[in-house]
Amino acid sequence: MLNYRQLHYFWVVAKTGSIVRAAEQLNLTAQTISGQISLLEQTYGIDLFRRVGRQLELTEAGRVALPYAEQMFQLGGELEALLRAQPDEQHILFRIGVADVVPKSIVYRLIAPTMELAEPIRITCREDKLERLLADLAIQRLDLVISDSPMPSHLDIKGYSQKLGESGISFFATKELAERYGPDFPAGLQGAPLLVPGQDTVVHTRLMRWFAEQNVRPRIIGEFDDSALMKAFGKSGSGIFIAPSVIADEVQAQYGVQLIGQTDAVTESFYAISVERKIKHPGIVAITEGARRELFTPLDQVAQP
């Protein structure tokens, strides 16, 4: 069985870069730490460090082991903090992964209902690529993943997708660009400078198909995985950009841009992915119920352009 004390000594040495500094941090002798790491190496017949001059460097085996140790002791620290909390100070831990293509304003409005729960809740949010987030969901490092697509069928990961809602898209621009390209939407977008979501997003393909159907060819000058960065470029006047219609008022107020048109022929959908088929976590319940009750309006209630 893995000796966690020895692994902890390895982790601290790897983090501090020195047995001497690790000994100071752990209040142990350097000989004790060095001896315990040597026993760990002997147990598995590997070298975790190699000496280069007066410095220690991780071997390939050490580089493989380090992220696992990181995860184990990070979770251990979270568990210790929860166990040490007084009963009236304990919080429900809610670990959320957010796919980097999901607009931040949507994420905030989805998560906001958890702040109104009767039970005290502590939220941690992490943004990353969807597949990496789902890998962490599978090993229960996350409770929920928010994405613009359901669980991919090709992944061998147990998870359940719930559609939170969908929204048509709206087009925004600075006043100068809106006056030039806004009239006669969408035909007026012919040759217009356009900022679009990256090709990893679901909406990218839908948007390009819609332009082809409209026989409109804008001039795409930028593709962005980060929707906030796309909006920042749009705010500067670099080009016209899109966002879900459900946050149209917020986008106009925050970025000082004008709405030049919208369509429900292109939609963005949002999903909650969890390992629970029957949701029990109060945070996930609050998100799913809040999304359906307050955030997303049925598309047939939104005016067509």
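The values are calculated or read from the model by the stated rules, or taken from the named source; none is laboratory data. Since the structure is predicted, the reported quantities are computational estimates derived from the model, not experimental observations. All Cβ positions, glycine included, derive from the backbone under ideal geometry; neighbour counts span all protein chains shown.
Structure notes:
- Given (1) more than 36 Å from the chain's Cα centre (by Cα); (2) of a type outside the set (Phe, Trp, Tyr); (3) in a helix (DSSP H, G or I); (4) at pLDDT below 90, index of the condition Met72 fails: (1)
- Complete set of residues in the stretch 12-24 that are in contact with a helix residue (DSSP H, G or I) (Cβ under 6 Å, 6 or more places away or on another chain) and of a type in the set (S, T, N, Q): Thr16
- Helices (runs of 4 or more DSSP H) contained entirely in the stretch 86-197, each with at least 1 residues that are under 23 Å from the mean Cα position of the chain (by Cα), small (Gly, Ala, Ser) and closer than 20 Å to Ala232 by Cα: 104-111
- Per the conditions (1) touching a helix residue (DSSP H, G or I) at 6+ places or on another chain (Cβ under 7 Å); (2) closer than 16 Å to Val102 by Cβ, the sole criterion not satisfied by Ala192 is (2).
- The number of residues in the stretch 208-250 that are under 24 Å from Ala291 (Cα atoms), part of a helix (DSSP H, G or I) and modelled with pLDDT of 95 or more comes to 0.
- Filter pass, Val203 being of a type in the set (A, V, I, L, M, F, W, C), over 21 Å from Gln254 (Cβ atoms) and outside the structural domain of Arg292 (by TED's automatic domain parsing): no
- Residues in the stretch 119-156 that are of a type in the set (S, T, N, Q) and modelled with pLDDT under 85 were compared, and the one that is nearest to Gln199 (Cα to Cα) is Ser153.
- Tally, over the stretch 28-61, of residues that are touching a residue at least 24 places away in the same chain (Cβ under 8 Å) and closer than 13 Å to Gln6 by Cα: 7
- Each residue in the stretch 166-192 was checked for being buried (at least 21 other Cβ atoms within 10 Å of the Cβ) and over 19 Å from Gln254 (Cβ atoms), and 5 of them qualify.
- Candidates Gly17, Gly53, Gly45: the one that is small (Gly, Ala, Ser) and surrounded by 13 or more Cβ atoms within 10 Å (Cβ to Cβ) is Gly17.
- Within the stretch 25-61, being touching a helix residue (DSSP H, G or I) at 6+ places or on another chain (Cβ under 7 Å) and assigned to a helix (DSSP H, G or I) holds for Gln25, Leu26, Ala30, Ile33, Ser34, Gln36, Ile37, Leu39, Leu40.
- Any hit, the stretch 228-245, residues being on the phi > 0 side of the Ramachandran plot, surrounded by fewer than 22 Cβ atoms within 10 Å (Cβ to Cβ) and among the small types (Gly, Ala, Ser): yes
- Flag for Glu250 being of a type in the set (D, E, K, R), outside the structural domain of Ser147 (by TED's automatic domain parsing) and closer than 23 Å to Ala112 by Cβ: yes
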